[in-house]
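The values are calculated or read from the model by the stated rules, or taken from the named source; none is laboratory data. Please read all numbers here as calculations on a predicted model, not as lab measurements. Positions of Cβ are generated from backbone atoms using ideal geometry, with glycine treated the same way; all protein chains shown enter the neighbour counts. Keep in mind that these areas ignore ligands, DNA and RNA; they rest on the heavy atoms of the full protein, side chains included. Shrake-Rupley method; radii C 1.70, N 1.55, O 1.52, S 1.80 Å.
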Amino acid sequence: MATSTTEQLHSILQKSGIPFAVPDSDEFTSLQTSYTGQHDESRPQIITRPQTAEQVASIIKACLSLNLEPVVRGRGHDVFGRFSAPGAVSIDLRDLTTVTVSSDKKTAKVGGGATNHGVLEALSEHGLTAPTGSCGTVGFAGWCLGGGFGPYSHSYGLGADQIVGARVVNAKGELVEADARLLKGLRGGGGSLAIVVETHVKTWPLCEVQAGMLFYESSDIAAVVTTFFTNYNSLFTTYKDIPSKFYLMPSIWIYPGIGLTLTCGFIWNGSASDESRLWLERVGKLAPLAPNITDVQAAVMNTNALGFSAMVQNMIPAQVLGRCQSADITHFSPEAVAELAKVADAIPRECSGGINIHSLRADSPSCSEDVPDSVLPYRKPHIMLELLGVGNDEASARSAAAWALDARSRLRALEHAEDRTYLALTAPEFVDLEVIFGKELVELRKLKQEYDPEGVFKHTVPKLVWVTK
């Protein structure tokens, strides 16, 4: 009797000592579960758990020999479940978390399954840090490869620009060091060209960080949003020389026990000073503060990037359900502020999501001419609105997802809306690679032809189009 493809794969994995789970395994459901649920619609036929980079290469070789499709999972934080694919071979990198610092302490090698928080934790032991996103549970490699926005983008640049090298498994199943051409594609090209089992990134001296969350009086959410963002826009137009240490993270969010509230994260990437205190006072005056905040300076603590990551991580729910959307604008024009106020007021009170707002200013190193060779398309100043249509149960998730979709339509219709949106936060049905990547898409497709002409890595973000032989 002929041996089935599935049996052959199981045999190869067992002989190679690679742990795996199949749908009837006790651990399969827990392994498939992610930050946003199980995503049964994209259930793979098997979940492999490689313990080394060499085992990742072995899995790809097995897929090639058996004509199976691989899909890579970093940390599984993608809200659209794109870390999995129906019937595919899932390569779960979550056990590859080693962080190794170079002898000169200028770079570090980060395993493909490490989280943002895990990287900060490991680097802090060496008196170092690296730019990461604000959410510590997000996978560091995916965050870097897709762009890498975060609170330190103006001090150090975007995550993609931190990449100085990479160890990858290529489309032939070979474990190699990325050459200059491949590195160009990895910076902004996501996981479309190879499996990055180790990212080599710049490191920076660990420094003090002044960070905290300001809560504003939000009994009338539309009114406080209007006041805050009108003054927010004035702040950034009045003061032309914005310190690179300074970053704001406004959110309109439903907090347990508090309700729908406008908050603003204040991050100063450095020691407390008269300058940091002055900027904090300015932020505290953007709108009336919540009654319990009597001293704006006391709302901010002296910590570091690791401490701030832990603070944010404690505020994020362990798991959510729903669907998210995104929209980008150039600035908070009066029209944008008025629409944002309406969108905020419409947030379903039974959901657990809301709006996170990220920004990239002209003072970021990633907006300068002195940047690494890349296909990264996000190099112009803009504001990114993350519309988190999530809830704690299916009913609240449905209403939240409907709100997010409507909010996207409203914000995208604004005169100052950007056509381009951040790929990691863009729902698959709205992904237009021509718009998102612009002129960089031509080069990215050339790189796809060079490094993966047969389309071995087809279940990726971005999902590229290629011509097979």
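Throw me the Rg/Rh for region 171-251, computed over C-alpha atoms with Kirkwood Rh, two decimals. Display every interim value, and only then the final one.
Details: Rg = 21.3 Å, Rh = 17.9 Å.
Checking Rg against Rh, the ratio lands at 1.19.
Which net charge results when you count Lys and Arg as +1 and Asp and Glu as -1 among the other residues whose beta-carbon is under 12 Å from that of Ala400? Write down the numbers at each step before the final one.
Numbers: positive: Arg323, Arg349, Arg398; negative: Glu350, Asp393, Glu394, Asp406.
My count for the surroundings of Ala400 gives -1.
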### Query
Give or take rounding to whole Å, what are the principal axis extents of the alpha carbon atoms in the chain, in descending order?
76, 52, 40
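Can you give the FRET efficiency for Thr237 and Asn304, using 1/(1 + (r/R0)^6), R0 = 45 Å, r = Cβ-Cβ distance, to the nearest 0.05?
Rounded to the nearest 0.05, the efficiency is 0.90.
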### Query
Leaving out same-chain residues fewer than 8 places away, which aspartates and glutamates sit with a Cα under 13 Å from that of Lys342?
Asp220, Asp406
### Query
If the chain between Ala180 and Asp40 were fully stretched, how many nm would it gain, using 0.36 nm times the residue separation less the Cα-Cα distance?
46.6 nm
### Summary
Heavy-atom accessible area per residue of the chain, all protein chains kept, 1.4 Å probe, expressed in Å², is 41
### Message
I need the phi-derived Karplus couplings for region 248-253: 6.51 cos²θ - 1.76 cosθ + 1.60, θ = phi - 60°, integer Hz, Gly and Pro marked x.
### Response
10, 10, x, 9, 10, 9
### Query
Can you pull the three principal axis extents for the Cα set of region 1-159, in Å, largest first?
62, 34, 26
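I need the per residue convex hull volume for region 233-316, using only the alpha carbons, in cubic angstrom as a whole number.
Values: hull volume 9.1 nm³, N = 84.
Cα-based convex hull of region 233-316, divided per residue, equals 108 Å³.
Within region 202-292, what whole-number % of the accessible surface is contributed by carbon and sulfur, with the 1.4 Å probe and all protein chains included in the calculation?
Working: 2100 of 3830 Å².
About 55 percent, which is the carbon plus sulfur part of the accessible surface.
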### Query
Around Phe28, what is the net charge, scoring Lys/Arg as +1 and Asp/Glu as -1 over all other residues with Cβ under 13 Å from its Cβ?
-3
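Helix by helix through the chain, keep the DSSP H runs that span 24 Å or more along the axis on Cα and average at least 0.0 on Kyte-Doolittle, and give those back in order. Write out the running numbers ahead of the final one.
Details: long enough: 221-238 (25 Å, 0.89); 394-412 (27 Å, -0.43).
Helices meeting the span and hydropathy rule in the chain are 221-238.
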### Summary
Listed by chain and number, the residues whose amide H is under 5 Å from that of Gly212, excluding neighbours fewer than 5 places away on the same chain and using placed H, are Phe266, Met301
### Task
List the relative contact order of the chain as a percent without decimals, with contacts defined as Cα pairs under 8 Å and 6+ residues apart.
16
### Message
Keeping all protein chains in the complex and leaving out DNA, RNA and ligands, what accessible area do you get for Asp373 with a 1.4 Å probe, in Å² to the nearest 10?
### Response
90
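Using DSSP to define loop residues, name the GluC sites (Glu not before Pro) in region 356-395 whose beta-carbon has at most 14 other beta-carbon atoms within 10 Å. Could the numbers behind the result be given before it?
Details: sites: Glu369, Glu386, Glu394; in loops: Glu369.
Sparse-neighbourhood loop GluC sites (Glu not before Pro): Glu369.
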## Note on the structure
Note: probe point = Cα of Leu64 + 7 Å toward Cβ; backbone nitrogen < 12 Å; residues of region 159-174 passing the test are 169-174
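What net charge is computed for the residues neighbouring Thr226, neighbours being all others with C-beta under 14 Å from the C-beta of Thr226, Lys and Arg scored +1, Asp and Glu -1? Please report the intermediate quantities before stating the final value.
Numbers: positive: Lys342; negative: Glu217, Asp220, Glu335, Glu339, Asp345.
Summing Lys/Arg as +1 and Asp/Glu as -1 gives -4.
Going through region 300-349, which trypsin sites (Lys or Arg not before Pro) have at most 14 other Cβ atoms within 10 Å and a DSSP loop state?
On the way: sites: Arg323, Lys342, Arg349; in loops: Arg349.
Answer by residue number: Arg349.
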### Task
Compute from the Cα atoms of region 327-469 the Rg and the Dmax, the latter being the longest Cα-Cα distance, and quote both in angstrom.
17.7, 53
